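Worksheet for the structure shown next.
The values are calculated or read from the model by the stated rules, or taken from the named source; none is laboratory data. All values reported here derive from a predicted model rather than from experimental measurement. For neighbour counting, all protein chains shown are included, and Cβ atoms are generated from backbone atoms with ideal geometry for every residue, glycine included.
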Amino acid sequence: MYRVKTMYDLSVSIVSYNNKKDIKQCLDSFFSIIDSKLKCQVFIINNSQLESLEVLSTSYPIKIIQMSKNLGFGQGHNVVLPMLNSRYHTILINLFQFTIKKMGEKYKEYYKRMD
């Protein structure tokens, strides 16, 4: 018997480095606007060895990937590529929570057209 992977509508990756508070605000914004019908997969890539983000996984449906060294922004996002199982993928820049509302509105418009 084999296990079938869940197919997600949208996957999201966020790279973090010593900014747990910003990540929490970003997640609050994202989950407040995302349509509940969408199956989402959220990855947090933690480039910091000094700050743990595990406490966030008790409040949000996210997967935290702890890096052993700081890979930087681009390589941090690349880490999730082999793990993706979604129709669409986007990256979120954790310092720009205000843009998430607009992004959510655009996703909702797009998915309405796809129905």
Lone unmet requirement of (1) assigned to a loop (DSSP other than H, G, I, E, B); (2) surrounded by 17 or more Cβ atoms within 10 Å (Cβ to Cβ); (3) hydrophobic (A, V, I, L, M, F, W, C) for residue 50: (2)
List every residue pair whose Cβ atoms lie under 6 Å apart, where the two residues are 6 or more positions apart in sequence or sit on different chains, the first residue falls within region 11-31 and is more than 21 Å from residue 72 (Cβ to Cβ), and the second residue, located anywhere, is surrounded by fewer than 17 Cβ atoms within 10 Å (Cβ to Cβ) and among the aromatic types (Phe, Trp, Tyr). 27/60
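Here's the yes/no breakdown for (1) within 15 Å of the chain's Cα centre (by Cα); (2) part of a loop (DSSP other than H, G, I, E, B); (3) at pLDDT 80 or above:
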position	(1), (2), (3)
38	yes, yes, yes
41	yes, no, yes
63	yes, no, yes
73	yes, no, yes
99	yes, no, no
105	no, no, no
State the number of residues belonging to region 1-36 that are loosely packed, with under 13 Cβ neighbours inside 10 Å and in a helix (DSSP H, G or I). 2
